[in-house]
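Read-outs throughout are calculated quantities, based only on the coordinates presented, and are distinct from any laboratory measurement. If you're wondering where the values come from, they're calculated on a predicted model, not measured in any experiment. No Cβ is skipped: glycine too gets one built from the backbone with ideal geometry, and neighbour counts run over all protein chains shown.
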């Protein structure tokens, strides 16, 4: 099963695909559009709250996994994320504002920690 961080990152960055397994998406699509929309909204909120509860170390590990799977250069993804903050669109509507601020802060810290760790790795010629 895809980890929640990767689900949310997929939802946020990769053409706004929610990132849940295809089977779950197919199940949701069997409902009326309004019911399907509500089901996706609830799932999005649940994944967001779970992700918001991750420790910084867990976020850094998930960021590393995401960057390892990306088709883009990790350094370029990191620069883009730090400059444009695309993860901000991952915050669902009507969530606790304190949790939303915590999420944003933790993602920024995880990005900074990842960058710092990469700078500490010796460069091989």
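Take each peptide in 68-77, 87-96, count the other Cβ atoms within 10 Å of every residue, and average; sorted highest first, the result is 87-96, 68-77. Extension gain, residue 112-residue 98: 0.36 nm per intervening residue step, less the Cα-Cα distance, totals 2.9 nm. The modelled label-to-label distance for the pair residue 39/residue 73, using points 7 Å beyond Cα in the direction of Cβ, is 4.2 nm.
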